[in-house]
Each structure stands twice: as C-alpha cells, then as structure tokens.
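Q: Right, I'll just put the structure down here and ask away after.
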Amino acid sequence: TGGAANTGSNSLNFNNGVDYADISTGAATSPVITLNSGSTNLTFFCNYETESEDATYGYDNRQITIIPGNGSAITDPLGVTNAGTTVGPCSSMGTWHQHSITLTPSWGTVQVEFLFDSVDDIMNDYAGWFIDGFAVSGGSTTGGGSSTGGTEPSKPSLVQGWNFDTGIGSWSVEGTSSTV
C-alpha cells in the first residue's frame, strides 16, 4: 500500500525487491553534508510495511541517526507509537508521510544514517521500509517577480537532496545480505 516510491520512480529501501526474508540488518549512510548559516531543515518521506507500528516493539526496528560535525549523535526510533522526539511519529503503515527535523547550523556538517534491524528471520515477509525525497535545505532565496507585480515569498534553498531515481548516488549501504 502506498507504493515503493513517493517522489519519483525509485526509493532507498530495505528489502530484496519483494520482502526482507533473507536480510536481517542493513544501513544506508548519507555523504557528509555541509550546512549553511541559515535555518536548516532535514526532510524525508517514509513508508513501511513491517511487523509493527510501535517503535519499541522489539522486532523490525527502524531508526535514524543524525551525526553532526560538532556535537553528539542523535538516534531516534521511528514508529507510529513510541517514536523518538527529534523525528516525531510516523503515519500509519502503508502511508507515505514526511518527517521534518531542524538541524543546527553550528554543527558545520551533518551525516544521516538509516538503520533497519529485523532482529530475527521470523515473519520477515513484509514489504520493508522505504525512504524517498531526502533533502537538507536552509537559508532562503527570494524569487523573481510574480504575475501580480510583487515578489515571491522567500523559499528555503536546497543544500543537498536525493530522490533516488538514478540510484543511491554517494550514499553507502551495508547489510547482512549480499542483496543489500
């Protein structure tokens, strides 16, 4: 339900094309992203089909780790219930939804890791976890004129973004299966 991609034809996903029956753990790590001095946000779309919507269920754990250049790493579990406070709750299973996280420009850089751990090889015949439309944006740019003669409102400028339509780009992936 919801499909395997949100913003295009592909996504960053944890499965073997059907389910995650032969995979127990996998991680995808972004390249290091340089932050600008403006208000900086991390956004991404998420969809999943796993054993539970509870982030503390104990199986099929989904989590994000934000690694700042200056400061301590922040790790949050993802789920409808018991989600981390930095990333906030997910929408119900099978529904594409967007997460938005405020980043601190004084960090200088940030790197993001998505980790999925099924914990065991039981009941792993679900579709898995999908990430799409990953972007870091900040500051603002003022657009040109509009048809009414005024200027467009300020818009956040894209610092770095991926929709994964042409592959994972400079992301690194690792896992317990050769199919990751």
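The values are calculated or read from the model by the stated rules, or taken from the named source; none is laboratory data. Owing to the predicted nature of the structure, the values given are computational and were not obtained by experimental measurement. Don't worry about glycine lacking a Cβ; one is built from the backbone with ideal geometry, like all the others, and counts go over all protein chains shown. When the accessible area is computed, the model is the full protein with side chains, heavy atoms only, and any ligands, DNA or RNA have been set aside. Shrake-Rupley method; radii C 1.70, N 1.55, O 1.52, S 1.80 Å.
Q: For the stretch 57-125, report the accessible area per residue in Å² (1.4 Å probe, heavy atoms, rounded to an integer).
A: Per residue, the stretch 57-125 has 46 Å² of solvent-accessible surface.
Q: Say a paramagnetic label sat at a point 7 Å from the Cα of residue 174, along Cα to Cβ; which residues of the stretch 55-87 have their backbone N under 18 Å from it?
A: 63-68, 73-75, by backbone N distance to the label point.
Q: Right, another one. Among 87, 119, 136, which one shows the highest mean-square fluctuation when the chain is modelled as a Gaussian network with alpha-carbon springs under 10 Å?
A: 119
Q: By how many nm would the segment from residue 111 to residue 36 lengthen if fully extended, with 0.36 nm per residue of separation less the alpha-carbon distance?
A: Length gained between residue 111 and residue 36: 25.6 nm.
Q: Quantify, in whole percent, the carbon and sulfur part of the accessible surface of the chain (1.4 Å probe; protein heavy atoms only).
A: 48
Q: Oh, and also: Using θ = phi - 60° and the Karplus relation 6.51 cos²θ - 1.76 cosθ + 1.60, list the HN-Hα couplings for the stretch 69-86 in order, rounded to whole Hz, with x at every Gly or Pro.
A: x, 10, x, 8, 5, 10, 10, 10, x, 10, x, 6, 10, 6, 6, x, 6, 6
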